[in-house]
Structures are given as C-alpha cells and as structure tokens.
1. Which order results if Ser430, Ser125, Ser210 are arranged by neighbouring Cβ count within 10 Å, fewest first?
2. Given contacts defined as C-alpha pairs under 8 Å and at least six residues apart, what's the relative contact order of the chain, whole-number percent?
3. Taking the square root of 5 times each eigenvalue of the Cα gyration tensor, what semi-axes in Å does the equivalent ellipsoid of the range 97-248 have, largest first?
4. Going by amide H atoms built from the backbone, whose H comes under 5 Å of the H on Phe199, apart from near neighbours?
5. Placing +1 on the Cβ of each Lys and Arg and -1 on the Cβ of each Asp and Glu in the range 304-352, which of Leu323, Thr344, Phe313 has its Cα farthest towards the positive end of the resulting dipole?
6. For the range 1-100, just list the percent of Cα-Cα distances falling in each 10 Å bin from zero outward, please.
7. May I ask you to derive the FRET efficiency for Glu400 and Lys286 from their Cβ-Cβ distance with R0 = 60 Å, giving the value to the nearest 0.05?
8. May I ask which residue of Ala159, Gly397, Met256 lies farthest towards the positive end of the charge dipole of the chain, with charges of +1 (Lys, Arg) and -1 (Asp, Glu) on Cβ and the Cα centre as origin?
Amino acid sequence: MTSRTPNHQLKALIDESGLPYEGVARAVRAVATESGQRLATNKSAVHHWTQGAVPAEPTPQYLAEVFSRRLGRRVTLEDLGLPSLGAGEDDSIGLTLDVDPVEALTTIGRADVNRRRFLAASAYSMAAAVLSHQTVQEAAARTPAAATGRVAGHADVAAVREMVRLFMEMDERHGGQHGRSAFVQYLVTDVAELCRGRFASDAIRAEALSVAAAGAHLAGWKAYDYGAQGLAQRYYLQSPALARASGIPGQDGFVMRTMSQQGMKLHRPEHCLALAETGWAKAKGKVDPRTEALFAITHAHAPAKTGQHKAAFADVDRAHAALAAGQDADVPFWALAWGPPAATVHSRTAKVFETVGDRPNAAKEYATAAASRPGATYARIIALDLVAQAEQQAQQGSFEQACATWHRAIETMDGVRSTRTRKAVRSMRSDLRPYRARGLRCAAELDERARLFLTQAR
C-alpha cells in the first residue's frame, strides 16, 4: 500500500482561514450549489485531502474559490498544493481581463463548445466580480486594431446584429439551452472574425464592437439560464470591455447591471450595489428614459436586499417616472434583452416588494409584468413571473388562486428548455407537499401535471 504525502499547503490555508473541516466542507458545498452542482463533501473528505488525497474535478475549483473569498485574495490550485488542470486548460480564462477581450471571448467559447467540464462547472468568482474600472478600460484598449482582408461596412455589421437579435428572441421563446452551442459557435467564428477585420470607418468599427458586446452578454445569459454561473460570469466580463471599446453610451453599464442581478440571485450582495451604481452612473443622461428606467429598477433591488427600504422605493419611483417619460423613445437593441422595458420594470418592482415582505403588491407587479410581454416571444420569462406570482399568492393563503396561476405557468413553459424553469417546477412541487398531505384536490392535480412536465423535460 502506497502512503500519501500530506498536503501541507492545503492544511496551512485551512489554518489561516480559521475554518474547521466541517466549515470548509459546508463552504465547498455552497459554492458547488451556486454552480449547479450537488456535492456530498464532508469533514472526513477534507481531512483526507489534507493527508494527500486529491479531490475529483470540479471540486478543486470550488475549494480554490472558498479560500479566495475567505482570505480576500486569489487562491489557485497550485496554492492549494493540488494538480493543475489538463494540458491547454486554464481555470483563469476570462476572469483576469489581461488579454484582448475578443481573444478571451474566443478562448472561452471554444472551450464551451468543446464541453470542457472545468469551465461548465466553474465557480462564480467573487474576485472577478470586483474588477476595477481601470482594469476594464485596459482590457477595452486591447481590442484588435484594423486587420487585413475585406473591408466591412454597415450591411455586414447589420447582418451580424440581426443574427444576434434572432438568437435573443429564440432564447426568450425557447429557453437558454435551445441553440446555445450554435450561438457560441457563431460568436467565436463570425462575430470574432468581424471584430478582427477592417472597417470602412471608425463608426462602423464601433457598431461591430457593440454587437460583439451584446453577443457576449447573450452568451452569458444563456449560460446563466443553463445553470452554469461561473461560465456566465466569464462571458459577462468580456462584454463591458467590448462595449467600452465601442464607445456606445450606456452599454457597458447595462452589462454591469446584469452582473449585479446575477450576484443578487446567487445571494452574493457584497458588491451588487456598487455594480448597480456604476452601471447607472454610466447611463444617466446618455440613454433614453426607458433604458434608464432599467438601471434605476435594478439599483432599487440592491438596497432592498440590504434593508435600505426607503432608498429602494425612491429608486422604484424614479424607474416608473422614467418609464412614463419615455413612452415614445427608441430603445437600443442591446437593452431589449428581456423584452419591453415596462415589463422588466414591473418584474423587478415585484422583486423589491417581495424582498421587503409586501406579498400583495409583489403578486400584483408580477402579474402586470407577465401581461406586459408578448406571449409568443417571451415564454420563459412570462412563465417565471407567473411562478413568482403564484408563490406570493400561496404565501398569502390564496392557495386555489395560486394553483390556477401555477397551471398557467406550466402551460406557458411548453417547449421551453431552461434549467431555471425546471428548477421552478421542482420548487413548486416542494411547496405543494403540505397541501397534498391535507388531501386538497387542486394540489394533487397540479402536482401530477408538474411531474409529467419534468418527465417530458428531461
């Protein structure tokens, strides 16, 4: 029997962190859950690691993120005394912004298309969430200058923009899993090649980089909907650098707004307010009122999460006022990622009410949001708003009303391939358990419909 060499580096980091073995195990499980993975890591496993056992992939990445968060510095696999990833695999891809964002986007996309597990299961990085504005600006400066080859004009950029817009619409209608690989392949070939080409003017180059930024944002969103949070973050991080390089007002801030929402969804509020504030500051006075309303309502959710209710509702009022003031304004295509701005404002207003515990108003706003989007185009987000509305109704005691809303949600999900919709239905089944136990017929009927939906959605 071969004896193992104790991992003194890992033991030293555990001692420095002050966490007991069970605390390390719990933190690893939590990071894995954020990444859509379920691990059974326990204190015994941590002890074995300190004695030289090597955890199976992707656990080492989660372990590195645990200590990075705990110690406030980036901790690598090498720091942990663990083997690095395989040849050609780099766990820092897309997280450092130290290369040209077009090249980084291409590298991420190729690894994604090739289904590299280390990337698909990667952890959400707290260090990457707080990259400085200077770092983003430096990355923007690395975008490729004019190259050789055919000169691209407005028509070439417009064709790529229309393709990105088509994938945006397909994403909302059919879910993030539908066409995800096809879109990433398009991103790393046609979109990247466009950005590396020559342009008839600086204005056309700016348009091309703006489209690439929107494409990176969509790739991140599709990964998010797939449940791959770390992968989504890597795509998102390339988007503001590309948008900054384009010079299109407000677009870089729009991605920061999305990144703020991702942090709130993952219950990582540490830097969400700063991201929301920075994004909004980049848009104020530079975009139309309806687009600015999207920034204001995201900013409202951040202080609501930290108990600043007065500030949150002041932002809600600003968002609704901006929405009313800009009814006839043109909204840039990159700001229409989730459909009409009014629907997004109502949906996130609902989240503010939900956060502060005002369930009647939350249910009302979710209902308004669902009714404000064209059903044929925005099936996924309408379904999720309906699920959220039903949850608020059930928690108010209006259970039969909630069942009716849940039925509408499942009906709307038909044909949608989305990890988030399946997760919502599983959560609904869990909520139904006490009502089924009481013998309520509507609960039993709804649960059976939900069971069939999940079976068919596999």
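Values in this text are rule-based calculations from the coordinates and carry no lab data. Because the structure is a prediction, the values reported are computed rather than measured. Methodologically, a virtual Cβ is constructed for each residue, glycine included, from the backbone with ideal geometry; neighbour enumeration extends over all protein chains shown.
1. Ranking Ser430, Ser125, Ser210 by Cβ neighbours within 10 Å, fewest first, gives Ser430, Ser210, Ser125.
2. It rounds to 11 percent for the chain.
3. Three semi-axes, in Å: 24, 19, 13.
4. Answer set, sorted by chain and number: Ala152.
5. Phe313
6. With a bin width of 10 Å, the distribution comes to 15, 49, 29, 6, 1.
7. For Glu400 and Lys286, the calculated efficiency is 0.80.
8. Result: Gly397, furthest along the dipole toward the positive end.
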